[in-house]
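Accompanying notes for the structure given below.
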Amino acid sequence: MNLPERPITVLIAALGGEGGGVMADWLMEAATASGYPAQATSIPGVAQRTGATTYYLEIFPAKKEQLNGKEPVLSLTPSPGNVDVMVASELVEAGRAMHNGFVSPGRTTLIASTHRIYATVEKMQMADGRFDSARVVEAARHLAKASVLFDMRSLAQESGTVINAVLFGAMAGSGVLPLSREACERAIRGAGRGAEASLRGFAAGYDIAARARPAPAEPAPPRRATELKEILALAVDRLKDYQDERYADLYQQRIKPFLGGDAKLAATVARHLALWMAYEDIIRVADLKTRASRFERVRREVGAKDGEPVVVIDYLKPGIEEFASVLPRFLGKRLVAWAERRGRLDAYNVGMHIKTSSLFGYLLVRSLAWMKPWRPRSYRYGEEQQLIERWLGLVAEAARRDAGLAFEVAECARLIKGYGETHRRGKANFLAIVDARVENPDTADPRAQAAAIRKAREAALADPEGKALGATLGKPVVWLRPLARS
Amino acid sequence: MERSFKQEVAKLKLGEGETFHGEGILAVTKALLQSGVAYVGGYQGAPVSHMMDVLNDARDILDELGIHVESNASEAGAAAMLGASINYPMRGAVTFKSTVGTNVASDALSNLASAGVLGGALIVLGEDYGEGSSIIQERSHAFAMKSQIWLLDPRPNLRKIVEMVEQGFELSEASSTPVMLELRIRACHVQGSFKTKRNQAPRLSKRTLIENPAFDPGRICLPPATYAQEKHKIDVRWPAAVRFIRERKLNETFAGDMRELGILCQGGLYNAVIRALQQLGFADAFGASRVPIYCMNVTYPLIPEEITEFCRDKASVLVVEEGQPAYIEEAVLAMLRRHEVDDVKVHGKDLLPMAGEYTGEVVFKGIARYLNHASAIEPIITLKKKAAELLGGLPQRPPGFCVGCPERPVFSAMKVLESEVGKIHMSADIGCHLFSTLPPFDLGNTVLGYGLGLASNSAIQPMFGRRTITMMGDGGFWHNGLTSGIANTVFNKNDGILVIMKNGYSSATGTQELPSSPQHSAHKAPDMSMERALEGIGVGWVKTVDNYKVGAVAKTLKEAMTTDYKGLKVIIADGECQLERQRKLRPLVAKQLSEGKRTVRVKYGVDEDTCTGDHSCIRLSGCPTLTIKDNPDPLRTDPVATVIDGCVGCGLCGENAHAAVLCPSFYRAEVIQNPSLWDRLVSKIL
């Protein structure tokens, strides 16, 4: 009889701790029990500490008794263009496999989960450093002979198991392995512990890959308000909730001059203005933290079952700034000026663990929220409104010259966010850009100026130490940094 | 231990003619028993960590045979243990990783090789090279050459590996020379099968004791014996080894019809060579190749007769030798010249890269070029180019601290301290804590070797106006840090700050036990304390901190930076390895829950409506479960922080939020499972 010319090769890309090794064991067991010569290998080592790692298997699709004592020579490493089944437990790992040439149009079936586990370098960025998932899906369309892509993590969670069971099922269901469903299931059962849950996950993955049931729907893209009308409606609601009708009216007055002009500019100003006016002070934080909807959300996030009480403890560490922010303007201003002069702005923060779910804790935090009517007289309010007016003035002035330039000035509001030092840093960056690129530009050409502002803004978001922005502006950006913390 | 082999070790009992299925490392252990080994030991390190785990889990089986097992204090200790085979006809085997392990072991290895052995001495080396490696990239070959230790590099096939272990002992005895068996990462973990033999009880063992001590002045490494030993190596041991290797046909020649060509390869690369030939249409799936192959299962010493015989009358040969320098290729060139086989063109590093792992792709490209099939490489280049165009640069995903790792908060504290006092020079050490050098921490300026953190700081500290910091793990402490670092610093009256990560295990290698582990197997001594050792050495400033209290850790670090105390300041950063902790906790919690007992599950979270998406918290942590998600606010674009499933509730998020005064978005949730009546009542109030 004719023997196969080559083994079936399977490369598995996984992250440490995801059970890739267990899946390799299942495959090996199923292949061996089916009478096929097979070999599996891996590079566990230190990569198993949360890093990207791979497992590689070769299965020779002819029973041992047909080989008359001959043994196939199986390779320990995959080679590009020579992989039959590429399995990835996460989307960017599928991308990495393609990048390394392990997915080829003539040969490779790609089986991968579409969920993302963000790498540290993606999530530590100050703005949005996430890799665009669509690129991986698009690349798979060009590079794979066939692909089975769906969110296997959510399916695993539904089945009460881990992702490797779903992946194994998808592999078996896609028909690319020379292994029967029964052989695969027997291998899972033989491995013992957790077999029932694994079998559920296996069945779900199998059915989807075999098109016996539809893949779970991909999560809807996040709702983003882009249309001016929608932004205005959201903004007015937000500010009524944040303060009152009058404050919402102030918003509408402020945005009015922009409504007749460039639509993109108007939308951007409307969005940033709403966020800025609803700045996060302790009154706002206290308000948000003591809403019934918040406790419901916490229950959901921590996966508490009905009848399981959840104790919520908040980590608050207010200091001079927070205290000053609710003082009358003249007092707050003096206090902050004194603290800044002495370098003691962060010296008196009081770390508190408040049990917000208890009656006492709740009342303590809620009482701060009750200060809402006082807010317009507070120091922080005055400071914020002053800067908002200044920003709006700069945007309006730029709009008279060029809508593109005004857009870049408006976008600078993005830099101001967060609390404490983060907020101080953002504000310092904002002011530095305003000073060096908006008010005192080194070019008269509005386009060149717009580009320079964009570059500076991107630099401000490149690193938290202000190094990139300092280099871009040609002078260091200084903000008050905490001196005594512990 | 991270991985238990308790069930798998049953395979070590297989008898004559049975079939073993399993991993390379376990197969090697079985081969040791089949060879009648009398003592085994080693030091953990990937890719042979599991061999130590197997040996420890197989103690009962080994005891039955009278075999002595030891978890040596270091690779040097392991190599020195092989000294038992110098005077007594006992077979011994030790294992450690190469090259760092071999570096540490060198002193003992040189002396062992000079004295020569009576009983077979085998060193199982995990060649930690290429993808998956965690160390500097060097090869073991140099050690074999400089000390004259034979180097085996078997075809990565369990049957061959087992055979080479058995033959290795015989070779060692036939030539009075220790033997190294080199296994690449993937070979250590390869799953396969082989026919087993019966285990042999050693002739001398814990059950059949040595009666009389042997004394042979010729075996002592002291002049004048050392001069005689060197001569003996060349005049007697080398020819004996060459004779043995030839007679036993340890190297393999595979004939092929394209006789004008030939490939000489290291045994470990044979499968890659065959696969490349298959892909190019020069071999079938079973290894029948049209190009003749000389497969060196022994890469040191080389056998001139075999090599010249193989190369004679060929137009050209290709040497497939991984790594650099190209010892084998150069030796082949010299050998052919010396034996006047001058017409053969020798290829090697001209067609294959000088440095880096010989993966399937690399070997394929080299052999394609050798066989004038360079066009076969084109599709690979095109494919990768297209993928790069479609994908652009992908985010790297190096290994990092586990969820809830107790070492992470120490570096968070150091970051907090840095924002206060400026950048700090940190001398790093080997261990999981070396992940501090990666984002988001980027802490650690040098790493010089296991346990050598403090020693590597010796000439740094005096040159700095303010103090620098040194890291060391408890593994490194016991390996040699106690002497090379701590004793040295005290002795030389140096100033300095040493942070010892006391996580209780050799965690990076698979959480093996250390002398100061919190609990011990029955066969290890309990309660060897680092604190008492420090006291004994005379370190006058020792503080212990709870790692998760970031603020307190930062404060203690600052105190060490600023105190007037001259001399070594040691901070013991105490926090049990979370992998081990969870391994112990999980069954306990499951039991509690099933018994209906009140159990509190802790998880941290982020309020999505107060998080503004700056991600400062992530830059201070890097925990896999502290990540980001789409901003639920339609007016905002930057993703918000979130804590996903898998959070073990270590509390670092909250501590960081406090210590660095980050933001008020973090909360701690305590889910009360099987609540008491009181819990329910209290929860009803709100």
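Summary of computed values
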{"quantity": "Principal axes of chain B: Cα extent on each, largest first, Å", "calculated": "91, 68, 60"}
{"quantity": "Label-point gap, in nm, between A:W479 and B:A355 - each point 7 angstrom along Cα→Cβ", "calculated": "4.1"}
{"quantity": "Sequence of B:L280, A:L155 from largest to smallest accessible area, 1.4 Å probe", "calculated": "B:L280, A:L155"}
{"quantity": "Pairwise burial B:A, computed as accessible area of each alone minus the pair, summed, 1.4 Å, Å²", "calculated": "10800"}
{"quantity": "Sites B:K591 and B:A10, calculated FRET efficiency, Cβ-Cβ separation with R0 22 Å, nearest 0.05", "calculated": "0.25"}
{"quantity": "Amide proton proximity set for B:V320, modelled H, under 5 Å, gap of 5+", "calculated": "B:L264, B:C265, B:Q266"}
{"quantity": "Neighbourhood charge, 15 Å Cβ-Cβ cut-off, centred on A:D445 and excluding it, Lys, Arg +1 and Asp, Glu -1", "calculated": "+2"}
{"quantity": "Potential extension, B:M258-B:I220 segment - 0.36 nm per residue separation minus Cα distance", "calculated": "8.5 nm"}
{"quantity": "Value of Rg to Rh for chain A (Rh from inverse mean 1/r over Cα pairs, i.e. Kirkwood)", "calculated": "1.09"}
{"quantity": "Using alpha-carbon coordinates, inclination of helix B:270-279 to the longest axis of chain B, degrees", "calculated": "90"}
{"quantity": "Helix B:238-247 axis, angle to chain B major axis (alpha carbon atoms, nearest 10°)", "calculated": "80"}
{"quantity": "Acute angle (nearest 10 degrees) that the helix B:550-562 long axis makes with the longest principal axis of chain B, alpha-carbon atoms", "calculated": "80"}
{"quantity": "Rounded accessible area of A:I282 (nearest 10 Å², 1.4 Å probe)", "calculated": "40"}
{"quantity": "Rg over Rh [alpha-carbon atoms, Kirkwood Rh] for the stretch B:252-391", "calculated": "0.99"}
{"quantity": "Accessible surface ranking that places the most exposed of B:D495, B:D679, B:D564 first, with a 1.4 angstrom probe", "calculated": "B:D564, B:D495, B:D679"}
{"quantity": "Heavy-atom accessible area order for B:H520, B:H658, largest first, 1.4 Å probe", "calculated": "B:H520, B:H658"}
{"quantity": "Per-residue ³J(HN,Hα) for the stretch B:434-439, Karplus 6.51 cos²θ - 1.76 cosθ + 1.60, θ = phi - 60°, Hz, x for Gly and Pro", "calculated": "5, 5, 4, 7, 9, x"}
{"quantity": "Inter-site label distance for A:A292 and B:E309 at 7 Å from Cα along Cβ, in nm", "calculated": "9.1"}
{"quantity": "Sulfur and carbon atoms: percent of accessible area, the protein assembly as shown [1.4 Å]", "calculated": "54"}
{"quantity": "Label-to-label distance, nm, for residues given as B:E230 and A:A197 (7 Å Cα→Cβ offset)", "calculated": "6.4"}
{"quantity": "Average other protein chain Cβ within 10 Å of Cβ, residues A:346-356", "calculated": "2"}
{"quantity": "Set A:K355/B:K603; B:K6/B:K524; B:K549/B:K597 screened for pairs whose C-alpha atoms are more than 24 Å apart", "calculated": "B:K549/B:K597"}
{"quantity": "Loop-located GluC sites (Glu not before Pro) in the stretch B:294-348 whose Cβ has at most 12 other Cβ within 10 Å (DSSP)", "calculated": "B:E340"}
{"quantity": "Shielding score for A:416-424, defined as the mean number of other chain Cβ atoms within 10 Å", "calculated": "6"}
{"quantity": "Residues in the stretch A:259-303 occluded by at least 40 Å² - accessible area, probe radius 1.4 Å, against chain by itself", "calculated": "A:R271, A:L275, A:E280, A:L288, A:K289, A:R297, A:E301, A:V302"}
{"quantity": "Counting DSSP beta bridges with both ends in chain A, the antiparallel % (nearest 5)", "calculated": "60"}
{"quantity": "Long-range amide H partners of A:V148 with built H, under 5 Å", "calculated": "A:L110, A:I111, A:A112"}
{"quantity": "Residues in the stretch B:591-615 that, when all protein chains are in place, have 50 Å² or more less accessible area than the chain alone would give (probe 1.4 Å)", "calculated": "B:D607, B:D609, B:T610, B:T612, B:D614"}
{"quantity": "Kirkwood Rh in Å, taken over the stretch A:218-342 so that all alpha-carbon pairs contribute", "calculated": "17.9"}
{"quantity": "Cα gyration tensor category, rounded, prolate or oblate, for the stretch A:222-278 with a/c compared to 1.5", "calculated": "oblate"}
{"quantity": "Cα gyration tensor of the stretch B:316-393 - equivalent ellipsoid semi-axes, whole Å, descending", "calculated": "32, 14, 6"}
{"quantity": "Overall form of the protein assembly as shown per C-alpha gyration tensor (a/c, 1.5; a/b vs b/c)", "calculated": "prolate"}
{"quantity": "Sequence ranges B:661-674, B:178-191, ranked by mean other-Cβ count within 10 angstrom, highest first", "calculated": "B:178-191, B:661-674"}
{"quantity": "Ellipticity estimate at 222 nm from DSSP helix runs (n ≥ 4, -39,500 (n - 2.57)) divided over chain A, nearest 500", "calculated": "-15500 deg cm²/dmol"}
{"quantity": "Bins of 5 Å, starting at 0 and running to the largest distance - Cα pair percent for the stretch B:408-580", "calculated": "1, 9, 19, 24, 23, 15, 7, 2, 1, 0"}
{"quantity": "Residue-span extension gain [A:R246 to A:E458] - 0.36 nm each, minus C-alpha spacing", "calculated": "72.8 nm"}
{"quantity": "Nearest-0.05 FRET efficiency for B:T544 and A:E389, computed from C-beta distance (R0 51 Å)", "calculated": "0.40"}
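The values are calculated or read from the model by the stated rules, or taken from the named source; none is laboratory data. Bear in mind that the values here come from a model prediction, so they are computed numbers and not experimental data. A quick note on method: Cβ atoms are made from the backbone with ideal geometry, for glycine too, and the neighbour counts reach across all protein chains shown. Areas reflect the complete protein model, heavy atoms only, side chains present, ligands, DNA and RNA absent. Shrake-Rupley method; radii C 1.70, N 1.55, O 1.52, S 1.80 Å.
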